[in-house]
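The values are calculated or read from the model by the stated rules, or taken from the named source; none is laboratory data. As the structure is a prediction and not an experimental result, all values here were calculated from the model. Cβ coordinates were reconstructed from backbone atoms using ideal geometry, including for glycine residues, and neighbour counts include every protein chain displayed. Accessible surface areas use protein heavy atoms only, side chains included; no ligands, DNA or RNA. Shrake-Rupley method; radii C 1.70, N 1.55, O 1.52, S 1.80 Å.
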Amino acid sequence: MASWARLVSRWRCLLRTARAAEGPRGPRGHSSTAQGCRGFAPLALLPSRSDILPWRLQAYRHACVESCSPPGSAKDGSFSSPESNLPSPVKQEQAKAETLPDLNAKIPYEDWDDIPPSSALEEISEEEAVQIIAEPLLPLQSSTLRDYVDHSETLAKLVHLGVDLSQVEKRQKAGQLLLTLDFEKDIRKILLFLKDVGVEDNQLGPFLTKNPYILAEDLEALETRVAYLKSKKFGKAEIAQMVSRAPYLLLFSVERLDNRLGFFKNELGLSVKKTKDLVIRLPRLLTGKLEPVKENLQVCQLELGFQRNEIQEIVFKIPKILTASKKRLKQTFDYLHNIMGIPHHMLTRFPQVFNSKLLRIKERHMFLTFLGRAQYDPAQPSYISLDQLVSLPDEVFCTEIAKASIQDFEKFLKTL
């Protein structure tokens with residue numbers, strides 16, 4: 001409708017110009033009339049519709065043709081055309097103006113270059129209105145990434161990888177970070193890097209769930225940190241294991257990684273090889289806080305009474321003791337050493353006992369004491385090692401160690 005309105009407005013302007021050409025002419029009216037006819041030649045380029053103002057267009061056509069006729073005539077009653085006195089180019093132009101093309105001819109839309117674009121205020125029909133599908137607006141603020149998944153290609157692809165967005169959004173500013181990243185530009189290169197390091201495809205989702213911040217890291221800096229680990233004689237498989245088990249490892253700078261390795265080597269008095277084996281088995285020692293480690297080392301030495309070499313042996317066998325709860329560590333040691341009578345050197349030989357639940361140790365020790373078989377001295381007959389005490393299943397423990405049935409053990413536990 002707006003296009004038709006613009007066409008009608010243009011045609012009206014042209015018709016007013018035509019009326020001005022039909023007005024009084026001066027002594028040289030025939031010359032000006034010829035120029036007027038030439039001025040209307042571009043009407044051939046205008047699109048027309050036979051159902052809009054047909055009578056006015058026809059009136060304009062007749063007026064233009066008549067105005068191009070000479071005002072004078074010869075003595076014999078015939079008209080003397082002034083065309084014989086005009087130059088050849090003028091004659092050709094005048095001929096084009098006198099022979100107007102059909103106004104009903106259809107003009108391709110490509111020629112409507114001068115038609116202004118549609119207005120935003122243009123009225124549309126109800127049928128056109130109901131066909132408009134409006135996209136829902138994104139919330140300006142939200143406490144969950146779920147509101148953005150349907151609108152973000154990046155979030156959708158991360159979900160497809162197995163990233164748990166409900167866990168990611170709990171991490172400080174992690175949700176805002178993901179919303180600012182482009183999957184193809186920012187994330188794809190990090191995924192390819194992780195795969196090259198050795199992270200399995202099915203572990204990429206859980207890895208990014210735990211450490212989404214690696215997506216904002218500079219790729220060159222990540223490659224430099226991997227190169228540093230290789231320079232310390234860590235193998236490719238060992239680096240892959242460390243990165244998978246400690247997702248924050250590659251966020252640490254080379255200087256910080258070097259300081260951590262130096263701390264464990266000097267504090268524990270370990271060799272380079274043993275230090276490397278220690279962090280391979282428990283790589284979160286490189287990423288966790290050092291305060292709990294220092295406190296546990298002091299507890300083992302000052303409160304539990306272990307010697308420095310004994311601590312080295314215990315830590316090398318069970319690295320988790322460095323990050324264990326101090327309260328639990330002291331309670332377990334108190335029962336083993338003061339109640340069961342296990343000396344320090346035996347605890348150093350079987351430090352796995354510190355990883356066991358204290359309740360399990362108590363139940364089995366009391367059952368063996370009830371049966372008269374609680375013998376933990378390797379120099380005595382019927383010796384029971386600490387490893388057998390805590391590691392065997394109940395059925396095997398009862399039949400092979402306690403020499404009793406599982407029913408007897410269960411009945412005894414009810415009496416406690």
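Numbers at a glance
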| quantity | calculated |
| --- | --- |
| Cα→Cβ-extended label distance, 7 Å offset, between Ala237 and Glu184, nm | 3.9 |
| Met242, Met366, Met340, ranked by accessible area, largest first (probe 1.4 Å) | Met366, Met340, Met242 |
| FRET efficiency, 1/(1 + (r/R0)^6) with R0 56 Å, evaluated for Ile133 and Asp394 via beta carbons | 0.30 |
| Residue-level accessible surface for Glu313, protein heavy atoms, 1.4 Å, Å² | 80 |
| Where Lys195, Lys414, Lys157 fall by accessible area, highest first, once all protein chains stay in place (1.4 Å) | Lys414, Lys195, Lys157 |
| Extension gain from Lys357 to Leu416, taking 0.36 nm per residue of separation minus the Cα-Cα distance | 19.5 nm |
| Within-15-Å neighbourhood charge of Lys189 [Cβ basis; K, R +1; D, E -1] | -4 |
| Solvent-accessible area of Glu217 with every protein chain in place, 1.4 Å probe, in Å² to the nearest 10 | 50 |
| Contact order relative to length of the stretch 356-415, as percent, for alpha carbon pairs under 8 angstrom and 6 or more apart | 27 |
| Accessible area in square angstrom per residue, the stretch 356-415, 1.4 angstrom probe | 59 |
| Modelled label reach - Ser325, point 7 Å along Cα→Cβ, the stretch 340-359 residues with backbone N closer than 15 Å | 354-359 |
| Cross-link pairs beyond the 28 Å C-alpha cut-off, checked among Lys274/Lys362; Lys195/Lys265; Lys195/Lys276 | Lys274/Lys362; Lys195/Lys265 |
| Accessible heavy-atom area order of Tyr248, Tyr335, highest first, probe of 1.4 Å | Tyr248, Tyr335 |
